[in-house]
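Student: One structure follows; several queries about it will come next.
The values are calculated or read from the model by the stated rules, or taken from the named source; none is laboratory data. If you're wondering where the values come from, they're calculated on a predicted model, not measured in any experiment. Positions of Cβ are generated from backbone atoms using ideal geometry, with glycine treated the same way; all protein chains shown enter the neighbour counts. Remember, those area values only see protein heavy atoms, side chains included, never the ligands or the DNA or RNA. Shrake-Rupley method; radii C 1.70, N 1.55, O 1.52, S 1.80 Å.
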Amino acid sequence: MRDPNAGSGVTVHFSRTAVGSLFLGGALAATLGSLLYPAMLGVQKVNSAPDRIIAAPESGKLSEADRDFVVKVRAAGLWEYSVGLMALQKSTTKSIRTAGQQLTAEDASLDAACRRTAGQLGITLPDQPSPQQQGFVSRLNADSPEQFGADMATTVRAVDGQLLMTIASVRSTTKNSLIRALAAEANDTVLDHIRAVEKTGLVDFDQAVFQETSPSLPAHDLTPPPPAAGQPQVILTPPADSTVSPRSTVD
């Protein structure tokens with residue numbers, strides 16, 4: 001696969017055998033250690049004290065739920081982007097490859113907005129998805145090409161269905177204008193991804209709803225690991241041959 005960052009001065013390592021690997025950017029994360037990294041972050045709900053105010057920037061009061069939402073958006077993009085790349089390399093089904101193109105392009109665009117928001121608010125972001133999300137990637141990577149499409153479509157539909165509910169909750173309760181803007185973009189992106197996998201005709205809706213409504217896993221399975229100090233921040237970059245235009249972001 002051609003390096004999408006060729007000529008940019010950024011070194012990218014990509015493994016065809018482990019499609020869940022991510023593109024690495026050259027700039028060190030600027031927000032390490034600024035706000036306490038969430039220790040009890042869940043995919044379906046924020047634990048501890050979500051209404052507790054942890055900062056008061058000019059953009060409005062920032063709560064624990066707000067901070068944890070930014071981390072969730074980042075983690076969701078990290079695992080889903082990997083699966084999009086996997087779809088482009090592994091699947092022979094046109095609709096799945098089309099969905100993969102949309103996931104990679106739009107996750108890269110949303111990730112840029114997420115990193116920008118985190119920088120403005122001093123929020124530390126993970127460079128890996130949660131253990132649960134890493135499990136999704138590993139399971140899909142082990143699928144045969146024939147089984148991959150149905151599993152990928154159903155998993156993305158279920159997880160994005162959960163995330164959509166989280167977005168609505170944060171958007172309706174946050175007092176911070178930057179969080180509202182990120183929630184609006186995340187909402188549009190997640191809806192696009194849900195529509196993309198539904199168009200494949202491969203979603204098992206009974207299984208997707210079951211996954212959405214299953215009890216939450218322990219917090220350690222749902223919490224992305226904090227970034228390693230001194231390491232380059234992971235940057236999501238759409239493949240150079242992508243035919244999908246990424247969603248534009250608002251500065």
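Student: Check whether at least one residue in region 161-170 is open to solvent by 20 Å² or more (accessible area, probe 1.4 Å), over 16 Å from the mean Cα position of the chain (by Cα) and under 27 Å from Gln120 (Cα atoms), and report yes or no.
Tutor: Within region 161-170, one or more residues are open to solvent by 20 Å² or more (accessible area, probe 1.4 Å), over 16 Å from the mean Cα position of the chain (by Cα) and under 27 Å from Gln120 (Cα atoms).
Student: Oh, and also: Looking at region 195-228, which of its residues are open to solvent by less than 30 Å² (accessible area, probe 1.4 Å) and closer than 9 Å to Arg157 by Cβ?
Tutor: Val197, Val203, Ala208
Student: Quick one: in region 59-114, of everything that is among the basic types (Lys, Arg) and in contact (Cβ under 8 Å) with a residue 40 or more places away in the chain, which residue is surrounded by the fewest Cβ atoms within 10 Å (Cβ to Cβ)?
Tutor: Once the filter is applied, the top-ranked residue is Lys61.
Student: Out of (1) over 20 Å from Asp107 (Cβ atoms); (2) at pLDDT below 90, the odd one out for Pro239 is which?
Tutor: Only one criterion is unmet by Pro239, namely (1).
Student: Can you name the residue in region 196-217 that is closer than 24 Å to Gln128 by Cα and more than 20 Å from the chain's Cα centre (by Cα) and is also modelled with the highest pLDDT among such residues?
Tutor: Among those residues, the one meeting the criterion is Ser214.
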